[in-house]
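The values are calculated or read from the model by the stated rules, or taken from the named source; none is laboratory data. Predicted model, so just to flag it, every value in this text is computed and none were measured. Positions of Cβ are generated from backbone atoms using ideal geometry, with glycine treated the same way; all protein chains shown enter the neighbour counts.
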Amino acid sequence: MRIGIDFDNTLIDYDGVFVAAARERGLIGPQIVGSKRAVRDAIRLLPDGELTWQRLQGYVYGAGIGAAVPFAGAADFLSRCAAQGIVVFIVSHKTRYGHFDPARIDLREAARQWLIARGMMAHDILAPKGGGIPADQVFFEDDRAGKLARICALRCTHFIDDLEEVFADPGFPSGVQRVLFAATGAACCDVHCKDWRQISAAIFGNVA
């Protein structure tokens, strides 16, 4: 098996960062709790809401990324892959710089540093022994087409993503098992999992 994993909102959980950052800026009230989606929907109702939302995203994915946390069970999944010798890649659609970010923080480097700090990525081939993904198996692409082409080139057998539209895209490579990580499922996916425990059960249920 060769497993590809998306990064944003699949390995890394930004919900708490979005809520805190939006409150600090006076963009949402105390009634908005929980998720990035709830924050986004509330901000988009404001004057210049779409621009304000994009600016907030630029902060969270850049300067604010250090406060984000891995989804529960994700690190355990990577460790289990390492123990069984399963190759894992991160393949993500991530621009290098955020929209309207005056600091011009390199979002790809910020993501790599977060992965290293969380023990999910290292710089050498010894990384898989502890569950970390080697640096040369982490890919950030300019657009979705590049992401899909990379999944194909890496010959992934499975891909895990939180976005249904990735799997529904006509360019998604055939023969790759689509594992959707989301609260609700869709017909375009082979497997729908609500958390990483379910993902582990789906993947390792077929592994001796």
| said: Condition first: surrounded by fewer than 16 Cβ atoms within 10 Å (Cβ to Cβ) and either assigned to a helix (DSSP H, G or I) or not assigned by TED's automatic domain parsing to the domain that holds residue 190 (or both). Now tell me which residues in the range 153-173 satisfy that. | reply: 153, 165, 168
| field | Sole exception among (1) of a type in the set (A, V, I, L, M); (2) at pLDDT 90 or above; (3) assigned to a loop (DSSP other than H, G, I, E, B) for residue 103, by number | value | (2)
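Considering the range 141-152 alone, what residues qualify as being under 17 Å from the mean Cα position of the chain (by Cα), in a helix (DSSP H, G or I) and not β-branched (Val, Ile, Thr)? Working first, answer last.
Of the range 141-152, the ones under 17 Å from the mean Cα position of the chain (by Cα) are 141-148, 150-151.
Now drop any that are not in a helix (DSSP H, G or I), which leaves 144-148, 150-151.
If the condition is that a residue be under 17 Å from the mean Cα position of the chain (by Cα), in a helix (DSSP H, G or I) and not β-branched (Val, Ile, Thr), then 144, 145, 146, 147, 148, 150 are the ones that fit.
In the range 189-208, what residues are surrounded by 15 or more Cβ atoms within 10 Å (Cβ to Cβ) and assigned to a loop (DSSP other than H, G, I, E, B)?
Here is the first cut: in the range 189-208, the residues surrounded by 15 or more Cβ atoms within 10 Å (Cβ to Cβ) are 189, 191-193, 196, 198-200, 202-204.
Matches in the range 189-208: 189 only.
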| field | Hits in the range 106-119 - residues which are outside any helix (DSSP H, G or I) and in contact with a helix residue (DSSP H, G or I) (Cβ under 6 Å, 6 or more places away or on another chain) | value | none
| query | Restricting to the range 174-187, what's the tally of residues that are more than 27 Å from residue 79 (Cβ to Cβ) and surrounded by 15 or more Cβ atoms within 10 Å (Cβ to Cβ)? | reply | 0
| query | Condition test on residue 2, is it closer than 21 Å to residue 158 by Cβ, surrounded by fewer than 17 Cβ atoms within 10 Å (Cβ to Cβ), modelled with pLDDT of 90 or more and not small (Gly, Ala, Ser)? | reply | yes
| message | Kindly evaluate residue 71 against the criterion of being surrounded by 14 or more Cβ atoms within 10 Å (Cβ to Cβ), among the hydrophobic types (A, V, I, L, M, F, W, C), out of contact with any His (no Cβ under 6 Å at 6 or more places or on another chain) and more than 30 Å from residue 23 (Cα to Cα). | response | no
| Count - residues of the range 74-94 that are surrounded by 14 or more Cβ atoms within 10 Å (Cβ to Cβ) and among the polar types (S, T, N, Q) | 2
